[in-house]
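The values are calculated or read from the model by the stated rules, or taken from the named source; none is laboratory data. The model shown is predicted, which means the values in this text are computed figures rather than measured ones. Please note: Cβ atoms are built from the backbone with ideal geometry, for glycine as well, and neighbour counts cover all protein chains shown. What goes into the accessible areas is simple: the full protein's heavy atoms, side chains included, and nothing from ligands, DNA or RNA. Shrake-Rupley method; radii C 1.70, N 1.55, O 1.52, S 1.80 Å.
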Amino acid sequence: MASDIAELENIANKLRLHVVEMTYAARSGHPGGSLSAADMMAALYFSFMKHDPKDPSWEDRDRFVLSKGHVAPVLYAALAESGYFPVEDLLTLRQIGSKLQGHPVRGKVPGVEMSTGSLGQGLSMACGIALAGKMDGKDYKTICMLGDGEMQEGQNWEAAMFARQYELTNLIAIVDRNRLQITGDTESAVGLEPLPEKWKSFGWNVIIIDGHNMRQILEALDKAAAARTRPTVIIMKTVKGKGVSFMENNAGFHGRACNDGEQAKAIEELKAVIQ
């Protein structure tokens with residue numbers, strides 16, 4: 001496990017490089033939201049979570065549910081770099097016969113806890129996993145990452161009520177607040193603000209951080225893990241397309257891979273910051 005902030009930042013940029021290469025090879029996919037989530041994914045898989053790539057079904061592992069399943073590339077990158085399967089497999093993304101489909105499939109990819117992709121459902125499934133752990137007397141954590149656009153789906157708020165009702169302190173929700181969805185600005189579609197107050201009104205602890213500040217990410221996860229009375233949501237302010245200049249804050253890259261010229265530029269920029 002990595003504990004040094006610079007090392008984790010470097011891992012995050014490696015994940016970004018994989019995302020660009022995978023989606024370019026597939027000529028499709030969702031790079032924008034994958035890049036915004038890369039720092040948190042590095043912190044989760046290389047510092048915070050208890051997990052064993054050699055034993056993906058280890059009973060006491062922490063569970064991770066990627067509710068925003070369309071950013072599967074960054075999850076696959078984290079799993080491959082962790083050792084769940086060869087890194088070379090990443091370039092089979094979205095190919096016929098590959099285990100790495102456009103959305104995560106439980107039972108097909110080692111380390112994937114839940115099939116996701118239909119937005120708004122991940123937090124409900126994470127509630128079930130967390131409740132099961134509590135009933136079984138286990139101390140594992142369940143972490144669920146949501147996109148901000150999917151917070152417009154009502155099922156999330158049903159799950160939020162459920163988690164508070166059953167005092168699921170072993171559940172951590174993470175909202176990737178990059179403020180862009182496929183149609184553009186989230187506030188122009190169905191406004192989410194004041195998002196922190198909404199979570200508070202549902203009885204959750206709320207932590208707001210810069211989702212690209214590794215120190216803040218690690219501190220937030222530690223605080224969430226120490227919660228004893230109510231579930232915790234970490235709202236991380238991020239930049240969609242983070243790490244590649246022309247992809248940042250560009251909703252056009254929500255669901256589009258780089259073309260030939262863009263891919264070369266993106267790889268040049270990312271390799272320049274990887275140690």
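Answer yes or no: is there a residue in segment 217-234 that is touching a Phe, Trp or Tyr at 6+ places or on another chain (Cβ under 7 Å) and hydroxyl-bearing (Ser, Thr, Tyr).
Within segment 217-234, one or more residues are touching a Phe, Trp or Tyr at 6+ places or on another chain (Cβ under 7 Å) and hydroxyl-bearing (Ser, Thr, Tyr).
Please specify each residue of segment 238-264 satisfying the condition of being acidic (Asp, Glu) and more than 16 Å from Met22 (Cβ to Cβ).
Glu248
Take the conditions in contact with a strand residue (DSSP E or B) (Cβ under 6 Å, 6 or more places away or on another chain), open to solvent by less than 50 Å² (accessible area, probe 1.4 Å), hydrophobic (A, V, I, L, M, F, W, C) and modelled with pLDDT of 95 or more and apply them to Leu90. Does it pass?
no
Residues to consider are Asn213, Asn170; find the one that is polar (S, T, N, Q), at pLDDT 95 or above and closer than 27 Å to Asn10 by Cα. Walk me through it before giving the result.
Working: Asn170 fails: closer than 27 Å to Asn10 by Cα.
Exactly one of Asn213, Asn170 is polar (S, T, N, Q), at pLDDT 95 or above and closer than 27 Å to Asn10 by Cα, namely Asn213.
Among the residues of segment 184-222, count how many are surrounded by 15 or more Cβ atoms within 10 Å (Cβ to Cβ) and over 17 Å from the mean Cα position of the chain (by Cα).
Selection size over segment 184-222: 11.
Select from segment 1-23 the residues that are touching a helix residue (DSSP H, G or I) at 6+ places or on another chain (Cβ under 8 Å) and modelled with pLDDT under 95 and write down the one among them that is farthest from Leu93 (Cα to Cα).
Ser3
How do the pairs read when you match residues in segment 191-204 that are closer than 16 Å to Lys237 by Cα with residues anywhere that are aliphatic (A, V, I, L, M) and in a helix (DSSP H, G or I), using Cβ under 8 Å and keeping only pairs 6 or more apart or on different chains?
That search, which allows pairs on different chains as well, returns Leu192/Met151; Leu195/Met151; Trp199/Ala160.
Please verify whether segment 24-44 includes one or more residues that are assigned to a helix (DSSP H, G or I), in contact with a helix residue (DSSP H, G or I) (Cβ under 8 Å, 6 or more places away or on another chain) and farther than 19 Å from Asp176 by Cα. It would help to see each step written out before you state the result.
Just the residues of segment 24-44 that are assigned to a helix (DSSP H, G or I), to begin with: 24-26, 31-36, 38-44.
Cutting the leftovers down to in contact with a helix residue (DSSP H, G or I) (Cβ under 8 Å, 6 or more places away or on another chain) gives us 24-25, 31-35, 38-44.
In the following step, the residues that additionally are farther than 19 Å from Asp176 by Cα were identified as 24-25.
Scanning segment 24-44, I find at least one residue that is assigned to a helix (DSSP H, G or I), in contact with a helix residue (DSSP H, G or I) (Cβ under 8 Å, 6 or more places away or on another chain) and farther than 19 Å from Asp176 by Cα, so the answer is yes.
How many of the residues in segment 238-275 are in contact with a strand residue (DSSP E or B) (Cβ under 9 Å, 6 or more places away or on another chain), open to solvent by 60 Å² or more (accessible area, probe 1.4 Å) and not polar (S, T, N, Q)?
Residues meeting the conditions: 0.
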